[in-house]
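Data first, discussion second: the structure below is written as C-alpha coordinates.
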Amino acid sequence: MRYSKLFIAVLAALALSACVTAPAGPAGPTGATGSTGATGSTGATGSTGATGSTGAEGVQGERGKNPDTIVIVPAR
(Lines give C-alpha, C1' and ligand atoms only; values in the text may rest on other atoms or scores of the structure.)
Protein backbone atom coordinates (compact mmCIF):
# COMPACT_ATOMS: atom_id res chain seq x y z
CA MET A 1 0.00 0.00 0.00
CA ARG A 2 2.85 2.37 0.82
CA TYR A 3 4.57 1.75 -2.50
CA SER A 4 1.41 2.37 -4.50
CA LYS A 5 0.95 5.85 -2.90
CA LEU A 6 4.62 6.63 -3.53
CA PHE A 7 4.31 5.43 -7.14
CA ILE A 8 1.21 7.59 -7.71
CA ALA A 9 2.93 10.63 -6.19
CA VAL A 10 6.00 10.21 -8.42
CA LEU A 11 3.80 9.62 -11.47
CA ALA A 12 1.76 12.75 -10.70
CA ALA A 13 4.96 14.83 -10.31
CA LEU A 14 6.26 13.61 -13.66
CA ALA A 15 2.93 14.25 -15.34
CA LEU A 16 2.77 17.81 -13.99
CA SER A 17 6.36 18.55 -14.98
CA ALA A 18 5.52 17.55 -18.55
CA CYS A 19 2.89 20.31 -18.65
CA VAL A 20 5.53 23.03 -18.51
CA THR A 21 5.78 24.50 -21.98
CA ALA A 22 9.05 25.45 -23.58
CA PRO A 23 9.41 28.91 -25.17
CA ALA A 24 8.14 29.12 -28.74
CA GLY A 25 11.55 30.16 -30.04
CA PRO A 26 14.69 32.08 -29.21
CA ALA A 27 14.32 35.69 -28.17
CA GLY A 28 14.84 38.31 -30.83
CA PRO A 29 17.68 40.84 -30.86
CA THR A 30 17.50 43.82 -28.55
CA GLY A 31 16.40 47.13 -29.98
CA ALA A 32 18.55 50.19 -30.51
CA THR A 33 19.22 52.47 -27.57
CA GLY A 34 17.11 55.61 -27.53
CA SER A 35 18.67 59.06 -27.77
CA THR A 36 19.16 61.19 -24.69
CA GLY A 37 16.97 64.20 -24.06
CA ALA A 38 18.02 67.75 -24.77
CA THR A 39 19.99 69.53 -22.07
CA GLY A 40 18.15 72.47 -20.55
CA SER A 41 19.74 75.89 -20.77
CA THR A 42 21.28 77.27 -17.60
CA GLY A 43 19.97 80.68 -16.57
CA ALA A 44 22.27 83.57 -15.80
CA THR A 45 23.18 83.94 -12.14
CA GLY A 46 22.14 87.22 -10.57
CA SER A 47 24.66 89.62 -9.10
CA THR A 48 25.42 89.60 -5.39
CA GLY A 49 24.12 92.44 -3.26
CA ALA A 50 26.40 94.90 -1.50
CA THR A 51 27.64 94.07 2.00
CA GLY A 52 26.04 96.19 4.71
CA SER A 53 28.06 98.44 6.98
CA THR A 54 28.87 97.46 10.57
CA GLY A 55 26.71 98.86 13.32
CA ALA A 56 27.91 101.39 15.84
CA GLU A 57 29.66 100.04 18.93
CA GLY A 58 27.60 100.11 22.12
CA VAL A 59 28.46 102.16 25.17
CA GLN A 60 30.55 100.36 27.78
CA GLY A 61 29.06 100.14 31.27
CA GLU A 62 30.91 101.25 34.38
CA ARG A 63 32.28 98.39 36.42
CA GLY A 64 31.79 97.97 40.16
CA LYS A 65 29.83 101.14 40.87
CA ASN A 66 26.37 99.62 41.48
CA PRO A 67 25.83 99.05 45.23
CA ASP A 68 22.18 97.97 44.75
CA THR A 69 22.85 94.23 44.30
CA ILE A 70 20.00 92.10 45.71
CA VAL A 71 20.61 88.47 46.77
CA ILE A 72 17.53 86.25 47.26
CA VAL A 73 18.07 83.26 49.56
CA PRO A 74 15.40 80.53 49.28
CA ALA A 75 13.60 79.58 52.50
CA ARG A 76 14.01 76.09 53.90
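Numbers below:
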| quantity | calculated |
| --- | --- |
| Computed helical MRE - 222 nm, the chain, DSSP H runs ≥ 4 contributing -39500 (n - 2.57), nearest 500 | -7000 deg cm²/dmol |
| Carbon plus sulfur fraction of accessible area for the chain, probe 1.4 Å, in percent | 60 percent |
| With Cα atoms, 0 to 90° folded angle of helix 2-17 axis to the chain main axis | 70 degrees |
| Cα-projected label distance for residue 47 with residue 6, points at 7 Å along beta-carbon direction, nm | 9.5 nm |
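The values are calculated or read from the model by the stated rules, or taken from the named source; none is laboratory data. Please read all numbers here as calculations on a predicted model, not as lab measurements. Quick reminder, even Gly has a Cβ in these numbers, built from the backbone with ideal geometry, and neighbours come from all protein chains shown. Only protein heavy atoms, including side chains, enter the accessible area calculation; ligands, DNA and RNA are left aside. Shrake-Rupley method; radii C 1.70, N 1.55, O 1.52, S 1.80 Å.
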